[in-house]
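J.: One structure, pasted below without further comment.
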Amino acid sequence: MKKLPIGIQTFETLIRDGYYYADKTPFIHELANSGVYYFLSRPRRFGKSLFLSTLRAAYEGKRELFEGLFLADHWDWSKRHPVVHLSFGLGVHRSVDELRGNFAFMLDEHFRRAGLVSTYPEPTTRFAELIRALFEQSAQRVVLLVDEYDKPILDNIEQPDLAAALRDELKSIYSVIKDSDSYLELVFLTGVSKFSKVSLFSGLNNLEDLTLAPHASAICGYTQAELEEVFAERLVDVDLARVKAWYDGYRWLGESVYNPFDILLFLKSKVFRSYWFETGTPSFLVKALRRQGYPMARLEELVVGEEIASNFELEDLSVEALLFQAGYLTIEAEEQLGAFRRYRMGYPNLEVKASLANAMLTELTQDRLAKTETQSRLLDALLHGEPAALEAIFRAFFASIPHDWYRKNELAAYEAYYASVFYCYFSALGLDVRAEDSTSHGRIDLSVRLEKLAYVFEFKLSDEEGSGAIGLAQIKAKGYQQKFMDGVRRVFLVGVSFDKKSRNITHFAFEQA
């Protein structure tokens, strides 16, 4: 068997050392024949760096690396272009001076490798000088590749003033690109986010954003066909339907793809785990969701406008936009209504849904051991058809949340907060959980489906004793249980009421349908 390219970001290493490779070179052929300036946004660890490395190898004329690939017979190998390949992905930039120093180091390396001498001390001017000097030295236009253009900003997003200063410094750097137009053959920049006040997007008005281009949806990641063809020998006795549910589902208005980091680690161990999520969930994002009291169940079926994928500003960060661009939400459908375009968003797969819910629970409880014990008890109660046990479990959970947390948050006054806690616990277990589950008679607050059991929940926020019974009566009156009575499952109906003063359950009523 070939080797799994886990963490391999250099195309030449991947080919020479015998790693698996899904042929992405048709995209390179298309890019070269369609334009000059490109930008691509994708989540972290999605193969952006490897794609830029592949571009570099092609433009440097390394034909021997492309044997058997599409580009071998669809490229002019007689031309070799100088390539400036910059990456802002190394380390964390804690100041503007560190960013300038890192950028100066990258420029020095390019001057040294080309045997050129710089005459300007200021990095931005030297950047322009490098592009022009490489053009004059080779008599070929320069290919400019910039990886993780936005990482200095994202690394400091919890410090708005520093993030803004780093953004302005990057703006100065990228302003060079437009003025170097006559020396450039191709420009390709990648990142996670698209910040509106970076000159990249305001200065280069001919920049083509490939982020939501349907034809480029699979430029990074693995399609289902690529997975089954390239890794066929690794998929023997693998449950492909389960693999798809766990790791597929990322969509950018085209064919869906798997997260490559996830699928490669799964193929190595054959164990279902949240590999990608465990490499680092932005604490800023989870804290923002908690601070806003964001109703997590809303993420099941979110409808947004075009702003979700377009530019956004440090001064007004949208949680939904951050979730999408970071890879925690994906586009399920696009709809055009007159001049208005909207997107239906949702979780890409089970890994993201369960892991994000789990991260939210950790943020709420601040006690990982207690959370794990609660999850274990909860799963046992659900599997054994013991709804009565759920009341004690959730009462104990709400009672465990520190008073100081509520003092800083007004969420206890909202029904959505309590419903979100139930939703997060069930989702974190990887169960089939559906919020606002549609029926012909209305929407169920929450449903949980297991192989032989189903639970239907209705939540109420009320100071009145017995309002849980009102919720139970509503389920029965609207016949919500009919959706689940297929002769296989036992169905439990559960009405739960909460009191905003005691910040806990006041009544819990249930019965079997």
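J.: Restricted to segment 310-354, and to residues that are polar (S, T, N, Q) and without any contact (Cβ under 8 Å) to a residue 12 or more places away in the chain, which residue is nearest to ARG45 (Cα to Cα)?
T.: If we take residues in segment 310-354 being polar (S, T, N, Q) and without any contact (Cβ under 8 Å) to a residue 12 or more places away in the chain, then SER318 is nearest to ARG45 (Cα to Cα).
J.: Name the residue that is modelled with the lowest pLDDT, counting only residues in segment 465-490 that are over 17 Å from LEU382 (Cβ atoms) and out of contact with any strand residue (DSSP E or B) (no Cβ under 8 Å at 6 or more places or on another chain).
T.: So the residue we want is GLY487.
J.: Take the residues of segment 276-286 that are part of a helix (DSSP H, G or I) and either among the aliphatic types (A, V, I, L, M) or closer than 17 Å to LYS353 by Cα (or both): which is most open to solvent (accessible area, probe 1.4 Å)?
T.: Filtering first and then ranking leaves GLU278.
J.: Then there is this: Would you be able to say whether some residue in segment 346-369 is open to solvent by 60 Å² or more (accessible area, probe 1.4 Å), part of a helix (DSSP H, G or I) and at pLDDT below 90?
T.: Yes - at least one qualifying residue is present in segment 346-369.
J.: Just the residues that are open to solvent by 20 Å² or more (accessible area, probe 1.4 Å) and β-branched (Val, Ile, Thr), please, taken from segment 31-56.
T.: Within segment 31-56, VAL36 is the sole residue that qualifies.
J.: If you don't mind, another one. Could you run through segment 227-260 and say how many residues are over 30 Å from ARG342 (Cα atoms) and buried (at least 20 other Cβ atoms within 10 Å of the Cβ)?
T.: 1
J.: Further question on the same structure: Select from segment 78-93 the residues that are open to solvent by 70 Å² or more (accessible area, probe 1.4 Å) and not hydrophobic (A, V, I, L, M, F, W, C) and list them in ascending order.
T.: SER78, LYS79, ARG80
J.: Kindly provide the set of residues from segment 309-333 that are at pLDDT 75 or above and touching a Ser or Thr at 6+ places or on another chain (Cβ under 9 Å), ordered by number.
T.: Answer for segment 309-333, where residues must be at pLDDT 75 or above and touching a Ser or Thr at 6+ places or on another chain (Cβ under 9 Å): ALA321, LEU322, PHE324, GLN325, ALA326, TYR328, THR330.
J.: So which of ARG342, ARG291, ARG298 ends up being under 22 Å from ASP445 (Cβ atoms) and either of a type outside the set (Ser, Thr, Tyr) or buried (at least 19 other Cβ atoms within 10 Å of the Cβ) (or both)?
T.: On inspection, the qualifying residue turns out to be ARG298.
J.: Select from segment 175-214 the residues that are of a type in the set (Val, Ile, Thr), over 19 Å from the mean Cα position of the chain (by Cα) and modelled with pLDDT under 95 and list them in ascending order.
T.: Correct list: VAL176, ILE177, VAL198.
J.: Let me ask something additional. Find all pairs meeting these conditions: Cβ atoms under 9 angstrom apart; at least six residues apart or on different chains; first residue within segment 251-279 and over 15 Å from LEU329 (Cβ atoms); second residue in a helix (DSSP H, G or I) and among the small types (Gly, Ala, Ser).
T.: As it stands, the answer is GLY254/ALA216; GLU255/ALA225; SER274/ALA354; SER274/SER355; TYR275/SER269; GLU278/SER355, since those pairs meet every condition given.
J.: Please state which of the following conditions GLN325 fails to meet, knowing it meets all the rest: (1) open to solvent by 40 Å² or more (accessible area, probe 1.4 Å); (2) part of a helix (DSSP H, G or I).
T.: Just one mismatch for GLN325, condition (1).
J.: Same structure, new question: For SER193, state whether it is open to solvent by less than 60 Å² (accessible area, probe 1.4 Å) and not aliphatic (A, V, I, L, M).
T.: Yes.
J.: Which pairs do you get when a residue that is within 15 Å of LEU390 (Cα to Cα) and open to solvent by 20 Å² or more (accessible area, probe 1.4 Å), found in segment 419-448, comes within reach of a residue that is of a type in the set (D, E, K, R) and assigned to a strand (DSSP E or B), reach meaning Cβ atoms under 9 angstrom, with the pair 6+ apart or on two chains?
T.: Sorted first by the residue in segment 419-448, then by its partner, the pairs are ALA419/ASP445.
J.: On to the next question. I'd like to know if segment 418-440 contains one or more residues that are in contact with a Ser or Thr (Cβ under 7 Å, 6 or more places away or on another chain), at pLDDT 75 or above and assigned to a helix (DSSP H, G or I).
T.: No, every residue in segment 418-440 fails to be in contact with a Ser or Thr (Cβ under 7 Å, 6 or more places away or on another chain), at pLDDT 75 or above and assigned to a helix (DSSP H, G or I).
The values are calculated or read from the model by the stated rules, or taken from the named source; none is laboratory data. Just so it is clear, the model here is predicted, and its values are computed rather than measured. A quick note on method: Cβ atoms are made from the backbone with ideal geometry, for glycine too, and the neighbour counts reach across all protein chains shown. Accessible surface is based on the protein model in full, side chains and every heavy atom, while ligands, DNA and RNA are left aside. Shrake-Rupley method; radii C 1.70, N 1.55, O 1.52, S 1.80 Å.
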